[in-house]
1. Residues that are more than 16 Å from ligand 2 (Cβ to nearest atom), touching a strand residue (DSSP E or B) at 6+ places or on another chain (Cβ under 7 Å), within 21 Å of residue 216 (Cβ to Cβ) and part of a strand (DSSP E or B): does the stretch 34-47 have at least one?
2. Output the residues belonging to the stretch 9-33 that are part of a loop (DSSP other than H, G, I, E, B) and either under 18 Å from residue 62 (Cα atoms) or more than 10 Å from ligand 1 (Cβ to nearest atom) (or both).
3. Could you list, in sequence order, all residues of the stretch 1-33 that are within 15 Å of ligand 2 (Cβ to nearest atom) and farther than 18 Å from residue 218 by Cα?
4. So, in the stretch 53-100, how many residues would count as being in contact with a strand residue (DSSP E or B) (Cβ under 7 Å, 6 or more places away or on another chain) and assigned to a loop (DSSP other than H, G, I, E, B)?
5. Could you check residue 57 against (1) surrounded by fewer than 20 Cβ atoms within 10 Å (Cβ to Cβ); (2) within 16 Å of ligand 2 (Cβ to nearest atom); (3) within 20 Å of residue 212 (Cα to Cα) and say which number it fails?
6. Looking at residue 176, is it part of a loop (DSSP other than H, G, I, E, B), assigned by TED's automatic domain parsing to the domain that holds residue 46, away from ligand 1 (no atom under 16 Å from the Cβ) and out of contact with any strand residue (DSSP E or B) (no Cβ under 9 Å at 6 or more places or on another chain)?
7. Determine whether residue 120 is away from ligand 2 (no atom under 16 Å from the Cβ) and either farther than 30 Å from residue 41 by Cα or modelled with pLDDT under 90 (or both).
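The values are calculated or read from the model by the stated rules, or taken from the named source; none is laboratory data. All values reported here derive from a predicted model rather than from experimental measurement. Counting neighbours? That spans all protein chains shown, and the Cβs are built from the backbone with ideal geometry, glycine included.
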Ligand SMILES: Nc1ncnc2c1ncn2[C@@H]1O[C@H](COP(=O)(O)OP(=O)(O)O)[C@@H](O)[C@H]1O
Ligand SMILES: [Mg+2]
């Protein structure tokens, strides 16, 4: 297991149980999707994994070590993080944005500089064309690609992604999803993908944890969810992608 979360709970003032006794594991190279509607506790869960937030109770083990005993800054350097929104520094160029991660991980200036073009190529951006641009001079999809390059810069064993494709048009989203899958095959990192989009989870994930009101109500492979939804709410989330797939199939039979 790269990551093992046990009975994670996070309370907020006013009696809010944002995350309530959530347990899950992520194996080497596996992609786990946390799926659920807005406010169900996905981001809060993710932030407890890299200690941007401390749990009220429960434990997280990263590569066998209880993260409560690790330095939070050191820990974050060992996990890639693709934020909700692009999270790029607006006054840094693309190259400077990407260099932030290897620099934090303690790489030399020479190694860091040498790594930037390779990282840009990894996410399908031509270094000559893009390295000196500012985030405002990029499309949404290009910004997400830079965010992905930055998250992967220090070769983390685990990548945390919070709705990374949420704000993109469908074609850009598809091509970025494909690139993430290709990068996983090539680099072998494990990932946790937070999304409200069940279709996305079905397409990308090895395992899906369905969250509702702070709890995980089912965890399983896409096939397990589709064949044996454990709860009417899981059925509801599956209904939209199912119906869309059936309608498209019906249309293509007609034509
Ligand atoms: N810092 C905070 N203080 C109080 N309540 C919070 C805070 N952060 C999140 N919450 C609440 O916790 C719940 C889960 O939020 P969040 O994890 O951001 O959901 P999601 O990412 O699934 O949309 C929501 O009800 C939200 O309002
Ligand atoms: Mg969120």
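1. Just the residues of the stretch 34-47 that are more than 16 Å from ligand 2 (Cβ to nearest atom), to begin with: none.
Looking for residues that are more than 16 Å from ligand 2 (Cβ to nearest atom), touching a strand residue (DSSP E or B) at 6+ places or on another chain (Cβ under 7 Å), within 21 Å of residue 216 (Cβ to Cβ) and part of a strand (DSSP E or B), one finds none in the stretch 34-47, hence no.
2. 15, 27, 28, 29, 30
3. Step one: list which residues in the stretch 1-33 are within 15 Å of ligand 2 (Cβ to nearest atom), which gives 10, 12, 16, 18-19, 22, 33.
The answer is 10, 12, 16.
4. 5
5. (2)
6. On the way: part of a loop (DSSP other than H, G, I, E, B): no; assigned by TED's automatic domain parsing to the domain that holds residue 46: yes; away from ligand 1 (no atom under 16 Å from the Cβ): yes; out of contact with any strand residue (DSSP E or B) (no Cβ under 9 Å at 6 or more places or on another chain): yes.
Here the answer is no, as residue 176 does not meet what is asked.
7. Values: away from ligand 2 (no atom under 16 Å from the Cβ): yes; either farther than 30 Å from residue 41 by Cα or modelled with pLDDT under 90 (or both): yes.
Spelling it out, residue 120 is indeed away from ligand 2 (no atom under 16 Å from the Cβ) and either farther than 30 Å from residue 41 by Cα or modelled with pLDDT under 90 (or both).
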